[in-house]
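The values are calculated or read from the model by the stated rules, or taken from the named source; none is laboratory data. Since the model is a prediction, treat every value here as computed from it, not as a measurement. Don't worry about glycine lacking a Cβ; one is built from the backbone with ideal geometry, like all the others, and counts go over all protein chains shown.
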């Protein structure tokens with residue numbers, strides 16, 4: 001779907017929507033994007049799975065490589081992020097009723113970790 005990523009034309013939400021649809025696909029008979037993968041999945045599922053694992057591993061190595069000019073920057077999770085997420089989950093039941101000061105206080109606590 002995206003042979004070459006162009007941040008000015010492609011948006012993260014469209015990629016995520018496309019990816020989500022893939023997981024709900026039940027019939028691969030009409031798959032045209034990767035005929036080799038389709039045939040391997042049908043004829044040799046073990047080899048197909050191995051190839052998928054290799055592709056996933058390679059992708060994980062590149063997960064935090066950010067393209068110049070992109071507005072989206074991916075970083076590995078740091079402890080402070082995890083602490084903040086846990087604080088938000090524990091203390092925020094209704095986001096619209098949380099004050100800015102309460103959120104800033106949680107951010108400050110997380111940044112001290």
Keeping to the stretch 29-64, report how many residues are over 22 Å from the mean Cα position of the chain (by Cα) and modelled with pLDDT under 85. 4
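Of all residues in the stretch 4-41 being touching a residue at least 12 places away in the same chain (Cβ under 8 Å) and outside any loop (DSSP other than H, G, I, E, B), which is surrounded by the most Cβ atoms within 10 Å (Cβ to Cβ)?
Ranking the candidates gives 41 first.
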For residue 59, indicate whether it is in contact with a helix residue (DSSP H, G or I) (Cβ under 7 Å, 6 or more places away or on another chain) and assigned to a helix (DSSP H, G or I). no
